[in-house]
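Data block below; observations after.
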Amino acid sequence: MSWSEVDVELVDVSILHPHEEIKEKNRDKLLEMTQKWGGFTKPLLVDSISLTILDGHHRFDVARCLNLSKIPAIMLDYLTDDRISVTVWPGRDLESITKQDIVDMALSDELYPPKTSKHTIGSDLPPIFATLEELA
């Protein structure tokens, strides 16, 4: 089963929990492009139970930089959904990582370094367009 635009909902930015840091240079480039486009073209992927961001940390930070109240996201039950799995990016200090590790980190006061977790998504995220005005 793949996701479509109807699976995307607008979620309050303030309730979401990142689990890893971002690369500011990448965020700044995405911020510039988001402003140029006038909106978001890809949703976040978020655990519906813990509100952990699984995919889209840079997009989330762009939304915060722009003081947006909403962000497009696909919500799923991360711990039970077999369309998404997680491993550690090569060259990281961790030997392994689990979905529960991701949720635990998101709910803690700490974050993994950028590009620690590598999520494999069984379905592509749908292309969308959510304007900055509707997300304000």
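Would you be able to say whether some residue in segment 89-109 is within 29 Å of Lys36 (Cα to Cα), out of contact with any Gly (no Cβ under 6 Å at 6 or more places or on another chain), surrounded by fewer than 17 Cβ atoms within 10 Å (Cβ to Cβ) and free of Cβ contacts under 8 Å to residues at least 60 places away in the same chain?
The answer is no, given that none of the residues of segment 89-109 is within 29 Å of Lys36 (Cα to Cα), out of contact with any Gly (no Cβ under 6 Å at 6 or more places or on another chain), surrounded by fewer than 17 Cβ atoms within 10 Å (Cβ to Cβ) and free of Cβ contacts under 8 Å to residues at least 60 places away in the same chain.
Filter segment 110-122 down to the residues that are surrounded by 14 or more Cβ atoms within 10 Å (Cβ to Cβ) and under 17 Å from Ile74 (Cβ atoms), then identify the one that is nearest to the chain's Cα centre (by Cα).
Here the answer is His119.
Restricting attention to segment 1-57, and to residues there that are β-branched (Val, Ile, Thr) and in contact (Cβ under 8 Å) with a residue 60 or more places away in the chain, which single residue is farthest from Tyr78 (Cα to Cα)?
Per the stated criteria, the residue is Thr34.
Return a yes/no flag: does segment 110-126 have any residue that is among the β-branched types (Val, Ile, Thr), outside any loop (DSSP other than H, G, I, E, B) and in contact with a Lys or Arg (Cβ under 7 Å, 6 or more places away or on another chain).
Yes.
Looking at segment 59-83 only, could you name the residues that are surrounded by fewer than 19 Cβ atoms within 10 Å (Cβ to Cβ) and either part of a helix (DSSP H, G or I) or among the basic types (Lys, Arg) (or both)?
The answer is Arg64, Cys65, Lys70, Arg83.
Quick test for you: out of Tyr78, Tyr112, pick the one residue that is among the aromatic types (Phe, Trp, Tyr) and farther than 27 Å from Glu134 by Cβ.
Numbers: Tyr78 fails: farther than 27 Å from Glu134 by Cβ.
The conditions single out Tyr112.
Which count do you get for residues in segment 23-53 that are closer than 19 Å to Ile121 by Cβ, outside any strand (DSSP E or B) and among the β-branched types (Val, Ile, Thr)?
So the answer is 2.
Yes or no, residue by residue, for (1) more than 16 Å from Leu132 (Cα to Cα); (2) exposed (fewer than 15 other Cβ atoms within 10 Å of the Cβ); (3) of a type outside the set (Lys, Arg); (4) at pLDDT 95 or above:
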{"residue": "Ser2", "(1), (2), (3), (4)": "yes, yes, yes, no"}
{"residue": "Val6", "(1), (2), (3), (4)": "yes, yes, yes, no"}
{"residue": "Ile15", "(1), (2), (3), (4)": "yes, yes, yes, yes"}
{"residue": "Glu21", "(1), (2), (3), (4)": "yes, no, yes, yes"}
{"residue": "Leu31", "(1), (2), (3), (4)": "no, no, yes, yes"}
{"residue": "Asp47", "(1), (2), (3), (4)": "yes, no, yes, yes"}
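Considering only segment 67-82, I want to know if a residue exists there that is over 18 Å from Leu10 (Cα atoms), modelled with pLDDT of 95 or more and among the β-branched types (Val, Ile, Thr).
Looking through segment 67-82, at least one residue is over 18 Å from Leu10 (Cα atoms), modelled with pLDDT of 95 or more and among the β-branched types (Val, Ile, Thr).
The values are calculated or read from the model by the stated rules, or taken from the named source; none is laboratory data. Not measured: the values here are computed from a predicted model. When we count neighbours, we look across all protein chains shown, and the Cβ atoms used for this are built from the backbone with ideal geometry, even at glycine.
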